[in-house]
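Read-outs: derived from the displayed coordinates by stated rules, not from any lab. Keep in mind that this is a model prediction, so the values were computed, not measured. Cβ atoms come from the backbone with ideal geometry, glycine included; neighbour counts cover every protein chain shown.
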Amino acid sequence: MNINLSGMINKTTVMKSLDDLQPQNPEQGFQFPGAFEITAIGTANTGLEERVPEMIVALGMAVLNGSMRTRPSNEGHYISISVTFTCPSRDKYEAAHAALRADPDIRWTL
């Protein structure tokens, strides 16, 4: 950190690779196996309410009963579908996001 003549602090930011970031506390972050929520946002009236849980189950994971929440957009063009699922590993977690994103009716996952 440098202080210039006007008293302003100049910070030099070094970009880190996401692979280099580690939790400061090992108890923080994703812990596998575990239960996680995933949200898919996509085109309304395309059956995503049925397809999102089916895609998770097709990957060999279980969707918790009663965990699905849906919310339409203000104008009704989009819908968000959230479900909680059990996940054994980070690879399976990433596979769930990839499978949902591969669906042409899904725009984003969270």
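Assorted remarks:
- The residue among 58, 32, 85 whose Cα reaches farthest toward the positive pole of the charge dipole of the stretch 31-109, with charges on the beta-carbon of Lys, Arg, Asp and Glu, is 32.
- Potential extension, residue 65-residue 77 segment - 0.36 nm per residue separation minus Cα distance: 1.6 nm
- Highest average packing first - 68-79, 36-47, Cβ atoms within 10 Å: 36-47, 68-79
- The stretch 31-109: radius of gyration over Cα atoms, expressed as a fraction of 2.2 N^0.38 Å: 1.04
- Exposure proxy order (Cβ contacts within 10 Å, fewest to most) of 49, 94: 94, 49
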